[in-house]
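In what follows, a single structure is set out as structure tokens and then discussed.
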Amino acid sequence: MPARRPIPEAIQNQVHQRANFLCEYCHASEQWQYVAFTIEHIIPLAKNGTDTLDNLALACFHCNRKKSARTTAIEPQSGAEVPLFNPRKDNWSAHFIWSADRLFIIGLTSVGQTTVIALSLNRERVINIRAADKTVGRHPPPGDPIQSEN
Ligand SMILES: [Zn+2]
């Protein structure tokens, strides 16, 4: 395994801007966090992933930790191994939608549903943050799909 080199600042900046400063998994906004988001390797370096833009994603600390080196996870209903959401290949809105109350991410596809569980996208702490952010108009991010009320 090659030694881990620091990702150049210019590349890091591009990853942040491309992601609109959102965690590319849970769509938390870096703007309101205490801790800077991390640059995540979609395919880990240990599995020959690269340090190039097409293999990098912006992720919050929790999503990065939960995803770890995985690229797939077991779908609970079927027991099948399915790919995790890949921010470079998959469109967030095609796989996820906000619940009508805007607090929960609902998986629309097998990939989406498996990723919600594997990365704990609806963990209790983040629900509380979403609820607080919603009251001040910071959540959900503009343009995200939201389930209709009925
Ligand atoms: Zn996240």
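For the chain, a Gaussian network of Cα nodes joined below 10 Å ranks ALA118, ALA80, ALA131 by mean-square fluctuation, and the top entry is ALA80.
Placing a label point 7 Å from the Cα of ARG125 along the Cα-to-Cβ line, the residues of segment 62-85 whose backbone N sits under 17 Å from it are 62-68. Percent of Cα pairs in segment 65-150 per distance bin of 10 Å, from zero to the largest separation: 17, 47, 30, 6, 0. Residue by residue, segment 18-24 carries 3J(HN,Hα) couplings of 4, 7, 6, 6, 10, 4, 6 Hz when phi is fed to the Karplus relation 6.51 cos²θ - 1.76 cosθ + 1.60 (θ = phi - 60°); x denotes Gly or Pro. If you take the Cα centroid of segment 1-68 and the Cα centroid of segment 82-141, the two points sit 17 Å apart.
If the viscosity is 0.890 mPa s and the temperature 25 °C, what translational diffusion coefficient in µm²/s does Stokes-Einstein give for segment 9-135 when Rh comes from Kirkwood over Cα pairs? Reported coefficient: 165 µm²/s.
We did not get these values from a lab; they are worked out from the coordinates using the rules stated. None of the values given here were measured: they were computed from a predicted structure. All Cβ positions, even for glycine, are placed from backbone atoms using ideal geometry, and neighbour counts span all protein chains on display.
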